[in-house]
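The values are calculated or read from the model by the stated rules, or taken from the named source; none is laboratory data. Fair warning: this is a prediction, and the values are worked out from it, not measured in the lab. Using ideal geometry, Cβ is built from the backbone for each residue, glycine included, and neighbour counts are taken over all protein chains shown. The accessibility values were calculated without ligands, DNA or RNA, using every heavy atom of the protein model including side chains. Shrake-Rupley method; radii C 1.70, N 1.55, O 1.52, S 1.80 Å.
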Amino acid sequence: MDTAAVVVDREWRPPFPLDLYGVLAPLRRGRGDPTWRTAVDGAVIWRVSTTPAGPATVAIRRRADGGPHGTVRATGWGPGAAWEVDRLPSLLGADDDPSAFVAHHPLVADAHRRRPGLRLGSTGRVWDALLPAVLEQKVTGTEAHRSFRELARRFGSPAPGPAGVVPAGMRVPPTPGQIRAVPEWEWHRAGVDHARRTAILHAAVVAHRLERAAELGGEQGRVLLRRVRGIGVWTAAEIAQRAWGDPDAVSFGDFHVPNTVGWALLGHDLDDAGMLEVLAPYVPQRQRAVRYIEASGFRRPRFGPRFSPRDYRSL
């Protein structure tokens, strides 16, 4: 039987307001992400992922039967479709509990009030979050997204599902085995420097063990990830935010987040130590507070030219 042609359907009506796009948006890795597509009208979101059972393509759409409480339908193809579709509630934040969150700043309180459907979803998959997170270490988003796009297109498999239904050009994220087989010159061609390549390869060797981090969750899960050489606090937090919806995993070490938090809450720049102090009242919900700040629409003022991307392929 051709498992790529098998269709798996599920409908789920969330018992809470749900911002479908807002919950799933952190999984998208820039424009042109070959593992993600959105219909022109935003009615359907397509995701391609790896699962313990194999690759899966899933189309997620909301039925017009109740606004933010409307039924969500997921249709999946591929060997991992049943696994992925079965996790639809978790992916959309059903395991998240924002009820204990208390806002300590007016901007956060306003965003909390206006965005009741913004929850923290969990993919349940560490590797799919790990590969792009490591690629985003110490480079611009443009550079990282280009590298992920090129690796997925050249070394990932075609997305399962029927042609003409699944959007053309979608790809499965490269598996640990596929990544370990990438020749050195192809890493250079994809614009990935030695440090990031080494971290990814170290992780690929023990990828099956790292999936346990999603089961452990919280700080325990992040500690397990940080055992891999090249994965630090920032990378572990970026993975935790997506793989298990960690509400306290703040991206310390980020180029933008401390200043965004500082300007939104205090009106000036912050470093990591300052952000740690400002967010202290939100423990163990610090990442949720950051998400509300980002969702508020606040943008810190720009005082100079944007950081220029480097092209490692020319070095």
PRE reach from Phe298 (point 7 Å along Cα→Cβ): which of the stretch 220-262 fall under 16 Å by backbone N? 251, 256-262
Cα-Cα pairs in the stretch 7-100 separated by more than 18 Å, as a whole percent of all pairs, come to 44
Work out how much length Val165 to Arg114 would gain on full extension: take 0.36 nm times their residue separation and subtract the Cα-Cα distance, in nm to one decimal. 14.8 nm
Would you list the P(r) distribution for the stretch 126-244, with all Cα-Cα distances sorted into 5 Å bins from 0 and each bin expressed as a whole %? 2, 12, 22, 23, 18, 13, 7, 2, 0
PRE reach from Arg154 (point 7 Å along Cα→Cβ): which of the stretch 187-215 fall under 17 Å by backbone N? 187-198, 200-201
How compact and how long is the stretch 75-133, expressed as Rg and Dmax of its alpha-carbon atoms in Å? 15.4, 47
Reduced to Cα centres, the span from the stretch 251-271 to the stretch 50-97 in Å works out to 34
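What's the FRET efficiency of Ala39 with Arg63 using the Cβ-Cβ distance as r and R₀ = 25 Å, to the nearest 0.05?
Numbers: r = 15 Å, r/R0 = 0.58.
Computed FRET efficiency for Ala39 and Arg63: 0.95.
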Carbon and sulfur: what percent of the stretch 126-244's accessible surface (1.4 Å probe)? 53
Provide Rg and Dmax in Å for the chain, with only Cα atoms included in the calculation. 19.3, 60
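About the Cα centre, and with charges only on the beta carbon of Lys, Arg (+1) and Asp, Glu (-1), how big is the dipole of the chain? Nearest 20 debye, please.
Details: 43 positive and 33 negative charges, 132 e Å.
Magnitude of the dipole: close to 640 debye.
Could you work out the percent of alpha carbon pairs in the stretch 206-274 separated by over 13 Å, rounded to a whole number?
Values: 1496 of 2346 pairs.
Tail of P(r) above 13 Å: 64 percent of Cα pairs.
What does the charge dipole of the stretch 7-100 about its Cα centre add up to, to the nearest 20 debye, if the Cβ of each Lys and Arg holds +1 and the Cβ of each Asp and Glu holds -1?
Values: 12 positive and 11 negative charges, 70 e Å.
Once rounded to the nearest 20, the dipole reads 340 debye.
For Gln220 and Leu276, what is the calculated FRET efficiency with R₀ set at 22 Å and r taken between the beta-carbons, to the nearest 0.05? Could you put the intermediate results ahead of the total?
Numbers: r = 20 Å, r/R0 = 0.92.
In this case the efficiency is close to 0.65.
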At a Förster radius of 41 Å, what calculated FRET efficiency corresponds to the Cβ-Cβ distance of Phe16 and Thr198, to the nearest 0.05? 0.45
Given Cβ point charges of +1 (Lys, Arg) and -1 (Asp, Glu) and nothing else, what value in debye, to the nearest 20, does the dipole of the stretch 178-221 about its Cα centre take? 120
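When ranked by the protection proxy of mean other Cβ atoms within 10 Å per residue, highest first, what sequence do the peptides 254-267, 69-82 form?
Averaged packing, sorted descending, gives the order 69-82, 254-267.
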